[in-house]
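Undergrad: First the structure, which I've put down as structure tokens, then a few questions once you've had a look.
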Amino acid sequence: VRCTKRFALSLAFPWGFFIAGAADWCVEVMHLPPDEFWKLFLPMVSGTVIGSWISARIAGRLSTQGTIRVGFCVMFAAGVFALCTMSGLLPEGIVSAVLPLMIYTIGIGIVRPGMALIAMDFLPQSRGLAASMQSFVQTIFFALCSALLVPLLFGNGALYDLAIAGFGLLTISLWLIAMNMRLHKSAQKQP
């Protein structure tokens, strides 16, 4: 059960704060008027679509774990890019503010299908229940981000960049811990 929770959490962490903090990011950080919010949402949605397309293309060539590793590398690169933006190594502007998020969502688009499949394997007789639990955990996490985390980030672009890097690392860490626990349990079951 602990392993299943870590899988569900690793699927929830990547998204929560982006959606919850989108309006604040657009208005307070980037000073965009409401009719220019597309400058955040178009790259975010495009990143997810591109990532899903990449995932489908490499799924036949790589194992599920290999596909997930590629996505994690993309998410890690986005975190490094975000930290470079935060530290002032890259010039300020809409492109350097949105590009790490777009790269990050490409990584999310790559990892999510494989992560969801592996997580559902924990309840092979109840895959519908497993999918529902994943959605439930993601919804709860989104609510918690909206209520607790986003107010701490309000108006601070550097903190949003730090959140991109932090949640990427947290996602990767939880996934690796869950996979290690899964391998350990499998080894214990074998005679």
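Undergrad: Among the residues of region 75-106, what is the count of those that are open to solvent by 60 Å² or more (accessible area, probe 1.4 Å), part of a loop (DSSP other than H, G, I, E, B) and over 18 Å from PRO43 (Cα atoms)?
TA: Looking only at that region, the number is 3.
Undergrad: For the structure I just gave you, tell me whether ILE19 is surrounded by 14 or more Cβ atoms within 10 Å (Cβ to Cβ), of a type outside the set (D, E, K, R), assigned to a helix (DSSP H, G or I) and modelled with pLDDT under 85.
TA: yes
Undergrad: State all residues of region 33-50 that are open to solvent by less than 60 Å² (accessible area, probe 1.4 Å) and either touching a residue at least 60 places away in the same chain (Cβ under 8 Å) or out of contact with any helix residue (DSSP H, G or I) (no Cβ under 8 Å at 6 or more places or on another chain) (or both); if no residue qualifies, say none.
TA: Of everything in region 33-50, those that are open to solvent by less than 60 Å² (accessible area, probe 1.4 Å) and either touching a residue at least 60 places away in the same chain (Cβ under 8 Å) or out of contact with any helix residue (DSSP H, G or I) (no Cβ under 8 Å at 6 or more places or on another chain) (or both) turn out to be PRO33, LEU40, PRO43, MET44, GLY47, THR48.
Conditions tested, residue by residue: (1) under 20 Å from CYS84 (Cα atoms); (2) at pLDDT below 80.
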position	(1), (2)
ALA130	no, yes
ALA165	yes, yes
LEU170	yes, no
LEU176	no, no
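Undergrad: Name the residue, out of ILE177, ILE108, that is closer than 18 Å to MET75 by Cα and either among the charged types (D, E, K, R) or in contact with a Pro (Cβ under 7 Å, 6 or more places away or on another chain) (or both).
TA: Exactly one of ILE177, ILE108 is closer than 18 Å to MET75 by Cα and either among the charged types (D, E, K, R) or in contact with a Pro (Cβ under 7 Å, 6 or more places away or on another chain) (or both), namely ILE108.
Undergrad: Hey, can you tell me all the residues within region 29-74 that are assigned to a loop (DSSP other than H, G, I, E, B) and of a type in the set (Ser, Thr, Tyr)?
TA: Within region 29-74, just SER63 meets the criteria.
The values are calculated or read from the model by the stated rules, or taken from the named source; none is laboratory data. Quick caveat: nothing in here was measured; it's all calculated off a predicted structure. FYI the Cβ positions are ideal-geometry reconstructions off the backbone, even for glycines, and counts take in every protein chain you see. The accessibility values were calculated without ligands, DNA or RNA, using every heavy atom of the protein model including side chains. Shrake-Rupley method; radii C 1.70, N 1.55, O 1.52, S 1.80 Å.
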